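What follows is calculated from the coordinates using simple rules that are stated; it is not laboratory data. Since the structure is predicted, the reported quantities are computational estimates derived from the model, not experimental observations. Counting neighbours? That spans all protein chains shown, and the Cβs are built from the backbone with ideal geometry, glycine included.
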């Protein structure tokens, strides 16, 4: 784990380019995927970007009945094995931060996987709110 | 853990796989699709649907070749696999013909059969009025969840997915994983007004403490908390409200941070 995704909310303009980049990076069969990162306008010039914290002792990993969630030791990200996932939705309920999504659009759980070490959100963020660096 | 590398041939091209992998896994890793109905990566394979049949042969087998289920057959050194030829097509057609005879009303089976050119079954259609293909995914997923509430009963043409003594199964936690995994959408459940009905049970649902949206049956919450070792509170807030809470909490932290920056400058 050489690099970490740093978020500096004071630079965020909530332009949501990160969401768009994420959607495209995780598109399935040509359809844009559910963004694993979300940007929020909080008013009074405050904005917030949230994505998975990749917890050490993660609730999502603990509740999964079929071990479909596992940590990628190279990036440190917890990844979903889409073929193992049975779509029970427990991980999205158990995550105390709401970072795992499980919607009608995709039967399987989706969460930030740091794009296997090349996060698209950080590459496209125009204000350097998102940085992937050591 | 060092797994032995296995060299095999799929559709005339050389590929590498690892010892213990099945032909299906090796083929999918190579980007070759093999149709399946009863397979899930999460569950143990049983070879129930027979749709994944492929032809195998080997240099040492003196010309012998045969059809095997790709989901169960382990890869071996020098194996030559053919995933699609006339013989494989014929076998899959027969499988789909039989499935269509059993489940003439299943849209999934009809669509799949039509892909292989079977639009009408050549057997006498069953009068069971079922869309269940007896793949056993529901039973296996129930076991994986740790509930083991449903099973199969009977043999041969009597075989069916069943609940003990035709009563609402006492071990059922109402998770509906069986319904979600069913390839032919045979298992039904109903979520209405914070109540889930499945397998003859009526489960009260836990509601999100923030927005009131039903999350999961109360019985399931207790079960999952015990199994994962997490506090039941982890299961009482819906993902949307969890996310809103995170944004709010981080927003406050941001306020504090900017206040500090202002006071220090």
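Across peptide A:13-21, how many C-beta atoms of other chains are within 10 Å of each residue C-beta, on average?
On the way: counts 0, 0, 0, 0, 0, 0, 0, 0, 0.
Going residue by residue through A:13-21 and averaging, the value is 0.
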Estimated FRET transfer efficiency when R0 is 22 angstrom, pair residue B:148-residue B:231 (beta carbons, to 0.05): 0.30
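In what sequence do B:193, B:45 fall when counting other Cβ within 10 Å, fewest first? All intermediate terms of the calculation are to be shown ahead of the outcome.
Numbers: B:193 6, B:45 20.
The order, fewest Cβ neighbours first, is B:193, B:45.
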Rounded, prolate or oblate (a/c below 1.5 giving rounded, otherwise prolate when a/b exceeds b/c) for chain A by Cα gyration tensor: prolate
Cα-projected label distance for residue B:207 with residue A:108, points at 7 Å along beta-carbon direction, nm: 3.5 nm
Shape call, region B:49-140: gyration tensor on alpha carbons, a/c limit 1.5: prolate
Ranked list, fewest to most other Cβ atoms within 10 Å of each Cβ, for A:24, B:189, B:203: A:24, B:189, B:203
With Cα atoms, 0 to 90° folded angle of helix B:239-264 axis to chain B main axis: 50 degrees
Chain B: angle of helix B:86-102 to the longest principal axis, Cα-based, in degrees nearest 10: 60 degrees
Mean-position separation - Cα centroids, region B:66-93 and region B:125-184, in angstrom: 29 Å
Separation in nanometres of the label points that stand 7 Å from Cα toward Cβ, at residue B:72 and residue A:81: 2.2 nm
Degrees separating the helix B:218-228 axis from the principal Cα axis of chain B, which is the longest one: 80 degrees
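According to the square roots a ≥ b ≥ c of the eigenvalues of the Cα gyration tensor, what is the shape class of the protein assembly as shown, taking rounded for a/c under 1.5, prolate for a/b larger than b/c otherwise, and oblate for the remainder?
Numbers: a/c = 2.42, a/b = 1.50, b/c = 1.61.
Oblate, because a/c is 1.5 or more while a/b does not exceed b/c.
Volume per residue, Å³, of the convex hull around the alpha-carbon atoms of chain B? Mind dumping the intermediate values first?
Values: hull volume 60.2 nm³, N = 265.
Hull volume over Cα atoms, normalised by residue count, gives 227 Å³.
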Pairwise Cα inverse-distance average, inverted: Kirkwood Rh of region B:137-241 (Å): 14.7 Å
Two-site FRET efficiency, residue B:128 against residue B:44, from Cβ-Cβ distance with R₀ of 35 Å, rounded to 0.05: 0.85
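Using the 10 angstrom Cβ neighbour count as an exposure proxy, how do B:60, B:171 rank, fewest first? All intermediate terms of the calculation are to be shown ahead of the outcome.
Working: B:60 8, B:171 14.
With the fewest neighbours first, B:60, B:171 line up as B:60, B:171.
Per-residue mean of other chain beta-carbon atoms within 10 angstrom of the beta-carbon, peptide B:234-245?
Working: counts 8, 5, 1, 5, 3, 13, 3, 1, 9, 10, 2, 3.
Average neighbour count from other chains, rounded to a whole number: 5.
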